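A.B. asks: Could you have a look at this structure, given as structure tokens, before my questions?
The values are calculated or read from the model by the stated rules, or taken from the named source; none is laboratory data. If you're wondering where the values come from, they're calculated on a predicted model, not measured in any experiment. Here the Cβ positions follow ideal geometry from the backbone for every residue, glycine too, while neighbour counts run over all protein chains shown. The accessibility values were calculated without ligands, DNA or RNA, using every heavy atom of the protein model including side chains. Shrake-Rupley method; radii C 1.70, N 1.55, O 1.52, S 1.80 Å.
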Amino acid sequence: MRIFHRSRSQVVREIVLINITGEDRPGLTAAITGVLLQGGVSILDIGLAVMHGTLSFGILVDIPDNEVATALLQSVQAKAHELNLQARYTPISEADYQHWADGHGEARHIVTLLSRKITPEQLQRVSAVISQYGLTIERIERLSARVALDAEIDKGKAAVEISVRGVPSDAQALRADFFALAEELSVDIAFQKDDLFRRNRRLAVFDMDSTLIEAEVIDELAKAAGVGEQVAAITERAMRGELDFRASFKERMALLKGLDVGVLDEIGASLRLTEGAENLFAELKRLGYKTAILSGGFTYFARQVQARLGIDYVFANELEVVDGKVTGVAVEPIVDAQRKADLLKKLASDEGLQLEQTIAVGDGANDLPMLSLAGLGVAFRAKPLVRQSAKQAISTLGLDGVLYLLGLRDRDARG
């Protein structure tokens, strides 16, 4: 078998992409690369993937002599046949190789899809948008664990990471299209730079109410005080960004005047952690992160959440009590949007970190300043305005979906 047809006097290098496919088993990589030991071959690129027992192995090689190339590739073909594998060769011109090599410094981005179940339509529509804005897909990897066929869809987790190369022709329009797709297809789509900071974050801060816990505590206090509907309406408008947080907080606090402090323990005991919170904090702790609650809620309840999740820092509002009754006075300093952002900056500085090394997660309009400052800002189960304004958003999964945005796979997690 002759692979290349040049005269003997024309000794030139050959750059060849070797693709090996077939049933995977131990020792195949060593066997194939062992054949390449002869002839002064250099490996320019290499990639291997196994899916459901099927091997796909690519090696880009530089062979300094075309006569050596013919014999060498014949040997690879023979070894592949012996191992019941298929071998295919693609010659690469020096010009094409140089063009590929010159692209090494191109910008890289990561597109992450999160949902209860990833569908072909989701992948097709997202990949079409990627192509539309001039980006090239280089790799697709499943981050979530293997799913049983009979698994309940509403309890499942599916995450796919797509590595893309290039600079989007219109980054703002790309994000807008991803947001529209996410709304239409019930999938979360994150778009991030693939840089050193993405893999080197060390501080994560969180809103508490409707983020770490499945309640707005001030609304629960209001129910106990008999002013639930009034306070809930104000809270809803504040979270949507229709009301100034400080003013709305003082208004809601005034409505709680006279509430008996005895109800606090009962409300605290009833608070439920958000789906995925315990798993997220266990992994962040294992990875060496510092964590903090930055909450417009109350320290009394934040301390309870801190104890349950092992959180390092707590900054929240004080609930003033005199003679066993809530006074209804908002104690300064109020943890509002600006204070959350200031606290994030201070914590990062205290820990010797750059803001790019931080994560912030929240659900309300008062979280947007800290979300915009953080290297990774995530709007969690938030209103559309907040989701659209934040860098990233998670609405389909629990809090531990944040781990997928860091590139962690389920198999990386502690068993």
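A.B. asks: What relative contact order, as a whole-number percentage, does region 246-366 give when Cα pairs under 8 Å and 6 or more residues apart are counted?
C.D. replies: This gives 29 percent for region 246-366.
A.B. asks: I want to check the label-to-label distance for GLN74 and SER56. Put each point 7 Å from Cα in the C-beta direction and report it in nm to one decimal.
C.D. replies: Rounded to a tenth, the inter-label distance reads 3.1 nm.
A.B. asks: Place a point 7 Å from the Cα of GLN172 along the Cα-to-Cβ direction; which residues of region 362-393 have their backbone N under 11 Å from it?
C.D. replies: none
A.B. asks: Still on this model: Which pairs, out of LYS117/LYS391; LYS257/LYS345; LYS155/LYS391; LYS290/LYS325, put more than 32 Å between their alpha-carbon atoms?
C.D. replies: LYS257/LYS345; LYS290/LYS325
A.B. asks: Helix 171-185: angle to the longest alpha-carbon principal axis of the chain, degrees 0 to 90, nearest 10?
C.D. replies: Tilt of helix 171-185: around 80 degrees.
A.B. asks: Find the accessible area per residue for the chain; the probe is 1.4 Å, ligands and nucleic acids are left out, and the unit is Å².
C.D. replies: 49 Å²
A.B. asks: Still on this model: With axes computed from alpha carbons, what is the tilt in degrees of helix 66-82 against the longest principal axis of the chain, rounded to the nearest 10 within 0 to 90?
C.D. replies: That works out to roughly 70 degrees.
A.B. asks: If you take the beta carbon distance between ASP410 and ALA254 as r and set R0 to 41 Å, what does 1/(1 + (r/R0)^6) give as a FRET efficiency, to the nearest 0.05?
C.D. replies: 0.30
A.B. asks: Considering the dipole of region 190-230 built from charges on the beta carbon (Lys and Arg +1, Asp and Glu -1) around the Cα centre, which of LEU196, MET208, ALA222 is farthest to its positive end?
C.D. replies: About the Cα centre, the residue reaching furthest to the positive side is LEU196.
A.B. asks: How many nm is it between the label spots at LEU123 and GLU23, if each spot is 7 Å from the Cα in line with the beta carbon?
C.D. replies: In this crude spin-label approximation the distance works out to 2.5 nm.
A.B. asks: Further, regarding this structure: Counting only protein heavy atoms, what percent of the accessible surface of region 203-406 is carbon or sulfur at a 1.4 Å probe?
C.D. replies: Summing carbon and sulfur atoms, their accessible area is 48 percent of the total for region 203-406.
A.B. asks: Right, another one. Provide, for q = 0.23, 0.26 Å⁻¹, the log10 of I(q)/I(0) from a solvent-free Debye sum over equal Cα point scatterers in region 14-102.
C.D. replies: Rounded to two decimals, the profile gives -1.17, -1.40.
A.B. asks: Which one of SER163, GLY134, GLN122 is farthest out on the positive end of the charge dipole of region 108-193, using unit charges on Cβ (Lys, Arg +1; Asp, Glu -1) and the Cα centre as origin?
C.D. replies: Towards the positive end, the residue furthest out is SER163.
A.B. asks: First measure r as the distance between the Cβ atoms of ARG237 and GLU94, then evaluate 1/(1 + (r/R0)^6) with R0 = 56 Å and state the FRET efficiency to the nearest 0.05.
C.D. replies: The pair ARG237/GLU94 has a calculated efficiency of 0.30.
A.B. asks: May I ask you to derive the FRET efficiency for LEU355 and ALA148 from their Cβ-Cβ distance with R0 = 45 Å, giving the value to the nearest 0.05?
C.D. replies: After rounding, the FRET efficiency stands at 0.65.
A.B. asks: With no solvent and one point on each alpha carbon, what is the Debye value of log10 I(q)/I(0) for the chain at q = 0.15 Å⁻¹?
C.D. replies: Ignoring solvent entirely, the Cα scatterers give -1.34.
A.B. asks: May I pose another question? Measure nothing fancy, just the Cα-based angle from helix 228-239's long axis to the longest principal axis of the chain, in degrees from 0 to 90, nearest 10.
C.D. replies: Between the helix axis and the principal axis of the chain, the angle is about 40 degrees.
A.B. asks: What GluC sites (Glu not before Pro) does region 123-210 have in DSSP loop regions with at most 16 other beta carbons within 10 Å?
C.D. replies: Here the sparse-neighbourhood loop sites are GLU152.
A.B. asks: Let me have the 222 nm mean residue ellipticity of the chain computed from DSSP H runs of 4+ only, each contributing -39500 (n - 2.57), with the sum over all residues rounded to the nearest 500.
C.D. replies: Calculated from helices alone, the mean residue ellipticity at 222 nm is -11000 deg cm²/dmol.
A.B. asks: Name the residue, out of SER210, SER93, SER349, whose mean-square fluctuation peaks in a Gaussian network model built on the chain with Cα pairs under 10 Å.
C.D. replies: SER93
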